[in-house]
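The values are calculated or read from the model by the stated rules, or taken from the named source; none is laboratory data. All figures in this text were calculated on a predicted structure; none of them were measured in a lab. Reconstructed Cβ throughout: ideal geometry from the backbone, glycine too, with neighbour counts over all protein chains shown. Protein only, heavy atoms only, side chains kept; ligands, DNA and RNA dropped before computing areas. Shrake-Rupley method; radii C 1.70, N 1.55, O 1.52, S 1.80 Å.
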Amino acid sequence: MGTVSDSPEGTGQARAGGAGGGGAGVGDEGVGDAEERVAWSGPQGAQAFAAVEAATDWLLGYPFVFRTLARWIDSRHVLVDYGCGPGKVADYGARLLGARVLGVDTSPEMLALARDSGTAVAEYHLVEGNRTVCLADASADAVMCNHVLASLPTEEAVLAVFGEIRRLLRPGAPFVLLATDPACSGREYASLRIGEPGGKYGPGDELSVRLRRTDGTWQEMRNHAWPVDVYPALLERAGFGDVVQHRPTVDEALGLVDADFGAGRTWSAERASPPLVITTALAV
């Protein structure tokens, strides 16, 4: 299994380039030839991944993940962030929910960034061979998993991740999954574009993803498409039930997020076709 992370759209090979002469901006026809290919593995890749802006996720994704989790957990509970990457979301969740948050990831470099952030309140652990060996069965009261599936090429790999998450959860505990819908391909959102205009993608198909970085430049990577309608059946096979899916809208989000952040952009593409889906399931 490849590296998993909470930054948008999983991991893989990325091309990094500026919106100006060094590469293509979001409004350009394609990605510039001068862009440099960057692998997410290793220290350089982890640093590049940590620089992703993720504005669309902070509008339509993470606030709804935390709103969902708040129905089940508080300071008495343990929350696992499966695929925590550089730890930004795990740390935010620990502060917001008051729970003990355990971030887990396959990348030692990502975990090093998380631990060395200087503000981390979450704890971090390595996933080895699809298993978080330091965490016991039924040790978690909830698990969140943000943009991990995009790094997985096969149904077997997805089921392996779902199976490990099921092992970690106590019976009846919630699993909250955030993912981008590949049916929204080709639209240029505030901080990402998935696939090509008019593209149709089946389970596991490769597709390109462009992500905006905090310095305003863009990077491109290859990921895998997992249409959101395949999740319920796969979750049931992995030992989950009561699957519910929700596609947050901008109007909903403006009631949750910081007012200045919400008013800072037009969110025109996010309004026209919201790209993120929250899937919630309970461990059977």
Karplus couplings for region 251-258 from phi (6.51 cos²θ - 1.76 cosθ + 1.60, θ = phi - 60°), rounded to Hz, Gly and Pro as x? 4, 4, 5, 5, x, 10, 8, 4
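Are there trypsin sites (Lys or Arg not before Pro) in region 36-140 that DSSP marks as loop and that have at most 15 other Cβ atoms within 10 Å, and which are they?
Arg71, Arg76
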Hey, rough spin-label estimate for Thr119 and Ser273, points 7 angstrom out along Cα→Cβ, what's it come to in nanometres? 3.4
Cα atoms only, region 35-183: Rg and Dmax in Å? 14.7, 48
What does the accessible area of Ser208 come to, in Å² to the nearest 10, when a probe of 1.4 Å is used? 10
Can you tell me, using C-alpha contacts under 8 Å and at least 6 residues apart, the relative contact order of region 202-284 as a whole percent? 30
Average projected area of the Cα convex hull of region 140-258, in nm²? 8.7
Could you calculate the contour length gain from Arg67 to Lys200, that is, 0.36 nm times the residue separation minus the distance between their Cα atoms, to one decimal place in nm? 44.7 nm
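Normalised by the number of residues in region 174-246, what is the relative contact order in percent for Cα pairs under 8 Å and 6+ residues apart?
Reported as a whole number, the value is 24 percent.
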In a Debye calculation with equal point scatterers on the alpha-carbon sites of region 96-169 and no solvent, what is log10 I(q)/I(0) at q = 0.11, 0.27 Å⁻¹? -0.29, -1.46
Pairwise label distance in nanometres, Phe261 with Ala112, each label 7 Å out on the Cα-Cβ vector: 2.9
For region 48-184: relative contact order, % (alpha-carbon pairs under 8 angstrom, 6 or more apart): 24
Computed FRET efficiency, Cβ-Cβ of Asp251 and Arg187, R0 25 Å: what is it to the nearest 0.05? 0.90
Between region 80-145 and region 225-252, the alpha-carbon center distance in angstrom: 22
What are the ³J(HN,Hα) values, in whole Hz, obtained from phi via the Karplus relation 6.51 cos²θ - 1.76 cosθ + 1.60 with θ = phi - 60°, for each residue of region 95-105 in sequence order, with x given for Gly and Pro? 6, 6, 8, x, 7, 7, 9, 10, x, 10, 7
List the residues of region 201-220 whose backbone N lies under 17 Å from a point placed 7 Å from the Cα of Asp229 along the Cα-to-Cβ direction. 201-205
